[in-house]
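Notes to accompany the following structure.
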Amino acid sequence: MVVTSSPGPSDADHVVVIGAGPAGLSAAVELARRGTPVTVLETDAGSVAGAAGTVEFMGCRFDGASRLFSTELDDVWTLWSETLGEEMGPVGPPARIYYRGRTLSDPIDPSSAYLALGLADGARCLAGYAQARLRPVTPVRSFADRLSNEVGRRWFSIFGKTYLEKVWGVPIAGLSADWAVWPISALQRADGPAGSVGWYPRQGAGQLWQAMATRLQATGNRVWMGQEVVAVRHARGRVIGITVRDSGGRSIDVLGSHFISTLPVGELIRRLWPAAPTVVRSAADALAYRAVITVNVVLDRAEVFPDRALAIHDPAVRMARVTNWKNFSPEMVADPGLTGLGIEYFCTDADDLWAMSDADLLDLGRRELMALGLCGPEDVKTGIVCRLPKAYAVYDRPGEDPLAVIIEWLERALPNLRLIERSGIHDHDRVDDPTAEAMLLARSLATRPAVRASRRAPDAQHAELGQEGGYTGASFRSGVAQR
């Protein structure tokens, strides 16, 4: 049985958002604030935000990503602060780099790094840097060539290559020189300059996104949980409705005037009905993603390491990063005698890591923590494994541009369907990007519903967002160093 639903006062001005993640919820809140009715559809029946949410287990809270809430945009800061207020607290301890038993600042301070490396390795790094300055690689054919020219090949091989290859799963030499999709690197800091203070929800990132969902529902808009998107129906050049199915098997058609999708773009294309042209479906099949497995463990220790997180540049282990969540907020643990660590592994759904059982992954995480000297054999009490199959888009195929094919077709064929969120448009590398882009899109739909805004780079979005305010209330970033 299919039930047709029209939640807004008029389908002529009702926006349907697929996905209750950071971007979807931010767009919905901005639309609602501007008087546009909105419905958010979320597959998860239990919680919003997905990989950006918070998991509670055995008295510890774990998040999917260890990034501070930091931005130079007043409107983004004000949205976050109005949503949580004093529940957003400052975070002091730094994130650092772990390499062969040593921890180094991030970004790396060359003088301390040379000392930590020892005389021989330090001398080789200095020689490599001098060579890069005097005789840079020309022509630059790969990403490795480009970074080696900036810092020297030996330095890059120690503080870039190992970590980047763990994250992206391909030899760095095989990446093109202009590769720039989220350049996760020891040479760049993801959440602000060294010494800056960031902010974090006291009970995890999920606290912020759940508060946004509650705010939406309080204004009469809907956040429908446990709704699997079965089909995105379109006719005569416009999307007309989303068919969703709940846990009981009942199908519902949700109608609207405009639609915002945060789905991975390949999944969105495969759900279109009627089906997209063959060339578009082939482009969707060509998109590649990296999966993330987070092995969250509870340690029977009050202190483990003093940092927020450690990027693991040691090739002896497969983990890419380990996060100490109580150093984000003391409220991430109910018992101060315990510590919750989140261990990140990057892979694809075809890798042996993905095929491992949860028990084997927990054992791997425990053994690697011990190998790095971060815990003893009896410290790990228990744990829980979280898997995200399409966490990061991989987009580096010379001569091919499948995403451009999809975007061009969608803008021409279905102008009332817009893509946001990092797995949808493949270009976020900052924690505030989903919110900033979502707010811009919401404003364009609320003020010019018939106008199709073009896809813009994050820097252009940030510049435009600062031109229009509208929020009231003080920002909570007073006195905090900006990026």
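What the table below lists for this structure:
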read-out: Within the stretch 149-175, considering residues that are open to solvent by less than 20 Å² (accessible area, probe 1.4 Å) and not aliphatic (A, V, I, L, M), the one modelled with the highest pLDDT; value: Y163
read-out: Any hit, the stretch 119-130, residues being small (G, A, S), at pLDDT below 75 and surrounded by fewer than 16 Cβ atoms within 10 Å (Cβ to Cβ); value: no
read-out: Odd one out for R133, checked against (1) free of Cβ contacts under 8 Å to residues at least 40 places away in the same chain; (2) touching a Leu at 6+ places or on another chain (Cβ under 8 Å); (3) open to solvent by 20 Å² or more (accessible area, probe 1.4 Å); value: (2)
read-out: When residues of the stretch 283-341 are limited to those that are among the basic types (K, R) and touching a helix residue (DSSP H, G or I) at 6+ places or on another chain (Cβ under 6 Å), the one nearest to G373 (Cα to Cα); value: R308
read-out: Qualifying positions in the stretch 276-287 - small (G, A, S) and part of a helix (DSSP H, G or I); value: S282, A283, A284, A286
read-out: Criterion (part of a loop (DSSP other than H, G, I, E, B), of a type outside the set (A, V, I, L, M) and farther than 25 Å from S70 by Cα) met by exactly one of G241, G226, G266; value: G226
read-out: Flag if C347 is modelled with pLDDT under 95, open to solvent by less than 10 Å² (accessible area, probe 1.4 Å) and either of a type outside the set (G, A, S) or closer than 25 Å to R102 by Cα (or both); value: yes
read-out: Test: residue in the stretch 277-285 that is open to solvent by 20 Å² or more (accessible area, probe 1.4 Å), charged (D, E, K, R) and under 20 Å from G237 (Cβ atoms); value: yes
read-out: Test set (1) free of Cβ contacts under 8 Å to residues at least 24 places away in the same chain; (2) part of a helix (DSSP H, G or I) - L79 fails condition number; value: (1)
read-out: Members of the stretch 10-19 found to be modelled with pLDDT under 95 and closer than 21 Å to D433 by Cα, listed by number; value: G19
read-out: Members of the stretch 270-287 found to be of a type in the set (A, V, I, L, M, F, W, C), touching a residue at least 12 places away in the same chain (Cβ under 8 Å) and over 13 Å from I18 (Cβ atoms), listed by number; value: W273, A276, V279, V280, A283, A284, A286, L287
read-out: Failed item, numbered, when D246 is tested on (1) over 25 Å from the mean Cα position of the chain (by Cα); (2) over 20 Å from G46 (Cβ atoms); value: (2)
read-out: Subset of the stretch 356-397 [open to solvent by 60 Å² or more (accessible area, probe 1.4 Å) and free of Cβ contacts under 8 Å to residues at least 24 places away in the same chain]; value: A359, D360, R367, M370, P377
read-out: All positions within the stretch 229-239 that are more than 22 Å from G50 (Cβ to Cβ) and either open to solvent by less than 20 Å² (accessible area, probe 1.4 Å) or in contact with a Gly (Cβ under 8 Å, 6 or more places away or on another chain) (or both); value: R233, V239
read-out: Some residue of the stretch 316-323 being open to solvent by 30 Å² or more (accessible area, probe 1.4 Å) and more than 20 Å from D63 (Cβ to Cβ); value: yes
read-out: Subset of the stretch 25-35 (residues that are touching a strand residue (DSSP E or B) at 6+ places or on another chain (Cβ under 7 Å) and over 13 Å from R222 (Cβ atoms)); value: A27
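The values are calculated or read from the model by the stated rules, or taken from the named source; none is laboratory data. Quick caveat, the model's predicted, so the values are computed rather than measured. For neighbour counting, all protein chains shown are included, and Cβ atoms are generated from backbone atoms with ideal geometry for every residue, glycine included. We work out accessible area using only protein heavy atoms, side chains counted, and drop any ligands, DNA or RNA first. Shrake-Rupley method; radii C 1.70, N 1.55, O 1.52, S 1.80 Å.
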